[in-house]
Amino acid sequence: MKFNELTLNKKLLSAINDMGYDNPTPIQEKAIPIALQGEDVLGLAQTGTGKTASFMLPILEKLSKGPLKKIRALVIAPTRELAEQIHQSSISLSKYMPIQSVSIYGGVSKYGQIKTLKKGIEIIIACPGRLLDLIGDGVINLSSVEVLVLDEADTMCDMGFLPDVRRIMKYLPKDIQILFFAATMPDEIKELTEDILHNPHTVQIGKIEPAKTVAHYLYPIKSVSLKTNLLLEFFKITATGKVIVFTRTKHRAKRLWSDLESAKLNVTVLQGNMSQNRRQQSINGFQRGKYDILVATDMASRGIDISEVSHVINFDMPSTTDDYIHRIGRTGRAENTGEAVTFLLPQDKKLLVKIESLLGYKIPEQYIDSFDYNQSIITNKKPTFNKELAKVNNNYRKPNRKFQYKKKSIS
Ligand code: AMP
């Protein structure tokens, strides 16, 4: 199928062309025609499937007809980063149209957001808390909204936003169109869909399972104290592009970031205690290639679209299988391939069983020959990059992988 078979106007088709999209992704192919009919959509799709355009394109098509300078579409997203990303998509896709959007989230001053709102905009992309704030301040009136999108509804549920979402629903007209997206369907989400959607068309892209373009590997290890050294060894011998390393807590993210920096790796960090500006700098820097490695916690990194991530490393095992899917959804995006590496402690085996049952196969184990798994003392010795070792050990990994990893010179 081609985009021009989707009855989208020429301005949208030109913008799609400028973005380099050749053909609709499966979710776009299925969801866009339904949404264009004005029907409710329940989209069950993991991240990286192109779901942002699958709701932004029908919204922009709808808004191309009718009044301007009225709030006609509302997109609710769980994290500031995701809201900002959707906002950027909206800007790119509407570049040939007079449609304006604004992103609304906390952690930054209200002033700029209020100034933009006062100019008159058509689309609000918001996180629930700040949106309710501005509704309370009388700055936002949602009575003219025609379409609502709830993106990553399962993440909103995890983050405790469902009561806020239900409160926001009360400010919206009753008969609006709703486009609802989630990667997983916990019970609370099922209930919410039953309460708010009207005869939705369910659009499911594959089974809810990790992306097929990702190869999974386990790196068993006996003690948590060996993890940093194992990671450094992994970097020495592995050909990688952009890498995201997940830790369980903010504190562990900060600590690992600092350890990797000391080891002269080109690394940045994303964790919940950082200011919005610092978070955005990290994401932008990583996206643009200023950094090779991003150390992140789950909450800080949900929904972020970072292209061409070659490896997701579970430095710490996630808490749930849903988190595993979300994490590894950062790689293998939009037809690219990627690797998901998990450092596995003996106590992680329970969750591993569930992950493997979801994948439908056993994840192969990998051991690094050059790593001393029995070391008991962690030294502060700086790692040295051993090119010869990298060449030898690359033989047991994927063939014909270019070594893209840019190392700083080791002092
Ligand atoms: P999303 O799931 O919306 O976060 O999209 C994941 C990535 O796929 C983003 O980098 C999009 O720019 C990209 N993308 C979305 N639609 C298409 C398409 N039709 N063709 C190629 N890439 C796409």
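The values are calculated or read from the model by the stated rules, or taken from the named source; none is laboratory data. Fair warning: this is a prediction, and the values are worked out from it, not measured in the lab. All Cβ positions, even for glycine, are placed from backbone atoms using ideal geometry, and neighbour counts span all protein chains on display. Heads up: the accessible areas ignore ligands, DNA and RNA and are worked out on the full protein's heavy atoms, side chains in. Shrake-Rupley method; radii C 1.70, N 1.55, O 1.52, S 1.80 Å.
Annotations
A quick yes/no check of all residues on (1) surrounded by fewer than 18 Cβ atoms within 10 Å (Cβ to Cβ); (2) more than 24 Å from the chain's Cα centre (by Cα):
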{"site": "Y105", "(1), (2)": "no, no"}
{"site": "G138", "(1), (2)": "yes, yes"}
{"site": "V147", "(1), (2)": "no, no"}
{"site": "D154", "(1), (2)": "no, no"}
{"site": "C157", "(1), (2)": "no, no"}
{"site": "G160", "(1), (2)": "yes, no"}
{"site": "M169", "(1), (2)": "no, yes"}
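Here's the yes/no breakdown for (1) farther than 20 Å from K242 by Cα; (2) surrounded by fewer than 23 Cβ atoms within 10 Å (Cβ to Cβ):
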| position | (1), (2) |
| --- | --- |
| A263 | no, yes |
| G285 | no, yes |
| N314 | no, no |
| L351 | yes, yes |
| K354 | yes, yes |
| P364 | yes, yes |
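- Test: residue in the stretch 324-344 that is more than 16 Å from the ligand (Cβ to nearest atom), at pLDDT below 90 and hydroxyl-bearing (S, T, Y): yes
- The number of residues in the stretch 224-251 being open to solvent by 10 Å² or more (accessible area, probe 1.4 Å) and in contact with a strand residue (DSSP E or B) (Cβ under 8 Å, 6 or more places away or on another chain) comes to 5.
- Count of the stretch 56-73 residues which are over 20 Å from the mean Cα position of the chain (by Cα) and surrounded by 22 or more Cβ atoms within 10 Å (Cβ to Cβ): 5
- Residue among P200, P210 that alone is within 29 Å of L148 (Cβ to Cβ), at pLDDT 90 or above and crowded, with 18+ Cβ neighbours inside 10 Å: P200
- Looking only at residues of the stretch 74-90 that are touching a residue at least 60 places away in the same chain (Cβ under 8 Å) and open to solvent by 20 Å² or more (accessible area, probe 1.4 Å), we find that the one that is farthest from the ligand (Cβ to nearest atom) is R80.
- Selection of the stretch 13-53 for residues being under 24 Å from I189 (Cβ atoms), in a loop (DSSP other than H, G, I, E, B) and within 10 Å of the ligand (Cβ to nearest atom) yields T25, A45, Q46, T47, G48, T49, G50.
- Criterion (under 30 Å from I178 (Cα atoms), outside the structural domain of M156 (by TED's automatic domain parsing) and out of contact with any Pro (no Cβ under 8 Å at 6 or more places or on another chain)) met by exactly one of Q276, Q287, Q281, Q271: Q276
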